[in-house]
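Only one structure is covered here, and it is reproduced in the block below.
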Amino acid sequence: MTLSPLELPAADVDWRGWAQAHTARLFDAFRASVAALKDGTERSASEVLALWNDGDIAIGDVAAASELLSEVHPDAAVRTLFEESARTADQLATQRQQDQELFALLSGLDGGELGDEAARRLSRVLRDFRLAGAHLSDEDRAEVASLDDRITELSQEFSRNIRDDVRSVRLAPERLAGLPADWIAAHPVDDDGLVTVTTDYPDVVPFRTYATDADARRELTVASQNRAWPANDEMLAQLLELRARKAELLGFASWAELDAQTKMTGSAAAIEEFIARLHETVAPQAEADYAELLAALREEDPEAESVDFSANMHALELVRRSRLDVDTQLARRYLDIAKVRQGLLDVTSRLFGLAFTAVPDAPVWHAEVFAYDVAQDGAPLGRIYLDLHPRDGKFKHAAAFGLQQGVADRQLASAALPCNFNRGALLHSEVVTLFHEFGHLVHQLVASRHEFAALGGISTEWDFVEAPSQMLEEWAWDADVLQTFATDDDGVPIPRELVERMRAANAFGRGQFVARQAYYTALSYFLHRDRPADRTACARALQAEYDVLAPLPDDHSYASFGHLTGYSSAYYTYMWSKVIAADLFTAFDRDDMFDTSVSHRYRDLVLAPGGTKDAANLVEDFLGRPYAFGAFGDWLAGR
Ligand SMILES: [Zn+2]
């Protein structure tokens, strides 16, 4: 049987009609699978799971298409249609997971005859029933549902308060010293002879990096660190209580314990242990970085007594300039977008044994989108779309999205990469982002041939899913790799010596950075564990313990820590997956980044299994031992 990728409508076809028909077909398929499960027919465990899988495929596909197209389609009406179908998909999936009749049916199955993957799928479905409260009394289930609603509402309000609260300071023009000329030109002096600087990123990041007036930097940073405060303080207190109550109803000792059930850590204790380990590993390097940052700051300002959050970015810039001599603009002339795009495909093709074939006549949602068919050893895996440039109404960041899940012998995968790069030359940091996000697409495609949709693609644990992409970033930092595509207009490749200086600049300050991350990680976890009455005091104590920077006076930045909604107690995942990424990379030869005997083994043992095995086992299969902290320590020290 020949499988083809999802056919999108051609440019002249009515997308609204297609969106309605596509989502309606999938919703019908989902409802049909639920109805069949409930039709009273006597079925074996594998027959029941096959029907459940039909539902997973339908609802997963509608969710994927909706999440992508609601973010990228140029027609606002199509985006709205897909926003609605995303919500419906979410509601239907939750209803199925709380359905008493289905819970009784699935928990009564005899799974003795099932193969490994089917048995794993069944145990996941049963786990998800419990996490959704399907085993509770009607009264408790109703309370869980109302808690979920209230948590969603509060989370949205918490995020909105952060987004909407833009603060500003007004400064005399001479206090802008050190900032780039174009930035100063964009900030004219008002009638009172003052310049307004806001807490939005395009203002605050350059200001913290370049401004030489320490008091002005501190004034703006304090304003920025007080966004959404005090409004979000009470909001956070309620959110922590509601989460704790939900965990209690579901029979878990804490919210963190409940949240860890679907992750590699598996328990609150493992998260606590990780935080302690991270702290211990980073402390010496963080102290060394701090000393160097303070020394650099004192060269400019002999009065400087400490480095706090209003001074660290500027001190870092001073070190880069004086000790490492790196200008971020220098690399751009070698990083033309068209060459980078082709280079990315060539590098990953070589590394993972994949063929990318441009499909210029494939229907796409916008004329700037490139489509490629992907095959491995001659077998088609699916289609990917690169949508790299900004436009009105489009997603504002860079991320990988699914469009259709791949399922063995049934359908090919489709996935897309919406980014916001300019159309000319990229910054090197953008090339790193591109490699990172493309790593998620590769993972999606390589793991697209499993029987159970919910075990395929990037359905691995959430605290592991970043590791493969974090590791792939290393290829964007290698001179041999870069020289295969990064050439200037005359065809001269990026100089090796420039890449080495960029690497050194990138490596400096990791200790200070990770110590800050350890503080955020501890904050995310301990706020949930302790639910302190005085959140400001709690945040201060944690900052003093984990962060190497001096305290910033009047700092309430936990009120604008947006990840407390999405990640809740699990902000640790960033550093957790980085520890694993660094360890995975030890299996590769840094002098021969294209050694396919390693990269193909990695593809087959770590990426291809998707979610069919625990991530810890995938890593152990590849490394021949459990993952360890050592490589992360080397990465921290820039080795
Ligand atoms: Zn990522």
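The values are calculated or read from the model by the stated rules, or taken from the named source; none is laboratory data. Keep in mind that what you see is a predicted model, and the values were worked out from it rather than measured. Glycine gets a Cβ as well: all are built from the backbone with ideal geometry, and neighbour counts include every protein chain shown. Each accessible area value is taken on the protein alone, full model and side chains, heavy atoms only, with ligands, DNA and RNA left out. Shrake-Rupley method; radii C 1.70, N 1.55, O 1.52, S 1.80 Å.
General observations
- Each of the peptides 154-162, 564-572 was scored by the mean count of other Cβ atoms within 10 Å over its residues; in descending order, highest first, they stand as 564-572, 154-162.
- Centroid-to-centroid separation of the stretch 127-169 and the stretch 76-109 [C-alpha atoms, Å]: 17
- Summing charges over neighbours of residue 271, with a neighbour being any other residue whose Cβ is under 12 Å away from its Cβ, gives -2 when K and R count +1 and D and E count -1.
- Charge dipole of the stretch 359-478 about the Cα centre (unit charges at C-beta), most positive-ward option of 428, 393, 372: 393
- Per residue, the stretch 1-50 exposes an accessible area of 58 Å² to a 1.4 Å probe, with every protein chain left in place.
- Local electrostatic count at residue 189 - Lys and Arg +1, Asp and Glu -1, tallied over other residues with Cβ under 15 Å: -2
- Mean projected area of the convex hull spanned by the Cα atoms of the stretch 267-368, taken over all viewing directions: 13.3 nm².
- Qualifying lysines (Cα of each under 19 Å from Cα of residue 613; at least 8 residues distant if same chain): 263
- The residues of the stretch 76-150 expose on average 52 square angstrom of accessible surface per residue, using a 1.4 Å probe on protein heavy atoms.
- In this Cβ point-charge picture (+1 for Lys and Arg, -1 for Asp and Glu), the chain has a dipole of about 440 debye about its Cα centre.
- Between 617, 582, 269, the Cα set farthest toward the positive side of the dipole of the chain (charges on each charged residue's Cβ, about the Cα centre) is that of 617.
- For the pair the stretch 455-488 / the stretch 178-230, the C-alpha centres are spaced 35 Å from each other.
- Among residues other than residue 71 with Cβ under 11 Å from its Cβ, the summed charge is 0 (Lys and Arg +1, Asp and Glu -1).
- Pairwise alpha-carbon distances in the stretch 139-269 exceed 23 Å for 54% of all pairs.
- Rounded to whole Å, sorted largest first: equivalent-ellipsoid semi-axes of the stretch 483-539, Cα gyration tensor: 45, 12, 8
- Alpha-carbon Rg with Dmax, taken over the stretch 1-109, Å: 16.0, 51
- Between residue 119 and residue 267, the distance separating the two model label sites (each 7 Å from Cα on the Cα→Cβ line) works out to 2.3 nm.
- Under the convention that each Lys and Arg Cβ holds +1 and each Asp and Glu Cβ holds -1, the size of the dipole of the stretch 184-273 around its Cα centre is about 420 debye.
- Heavy-atom accessible surface of the stretch 1-108: percent carbon and sulfur, 1.4 Å: 50
- Measuring how big the stretch 66-170 is from its alpha-carbon positions, Rg and Dmax come out at 19.6, 72 Å.
- Note on the stretch 537-594 and the stretch 325-360: Cα centroid distance 29 Å, given to the nearest whole angstrom.
- Overall Cα dimensions of the chain - principal axes, largest extent first, Å: 82, 63, 55
- Taking only the alpha carbons of the stretch 265-307, we obtain Rg and Dmax values of 16.2, 49 Å in that order.
- Within the straight-line cut-off of under 27 Å between alpha carbons, the lysines reachable from residue 339 are 394, 396, sequence neighbours fewer than 8 places apart in one chain being disregarded.
- Rounded to the nearest 20 debye, dipole of the stretch 82-240 from Cβ charges on Lys, Arg, Asp, Glu: 500
- Computed with a 1.4 Å probe over protein heavy atoms only, the accessible surface of the stretch 237-328 comes to 45 Å² per residue.
- By average C-beta atoms within 10 angstrom, highest first, the peptides 34-47, 367-380, 409-422: 409-422, 367-380, 34-47
- DSSP beta bridge pairing in the chain, given as percent antiparallel to the nearest 5: 75
- Among 183, 453, 563 the positive-end extreme of the charge dipole of the chain (Cβ point charges): 453
- Each peptide among 66-78, 11-23 gets the average number of other Cβ atoms lying within 10 Å of its residues, and from highest to lowest they stand as 66-78, 11-23.
- Per residue Cα convex hull volume in Å³ - calculated over the stretch 107-164: 80
- The share of accessible area on the stretch 347-416 that comes from carbon and sulfur is 53 percent, using a 1.4 angstrom probe.
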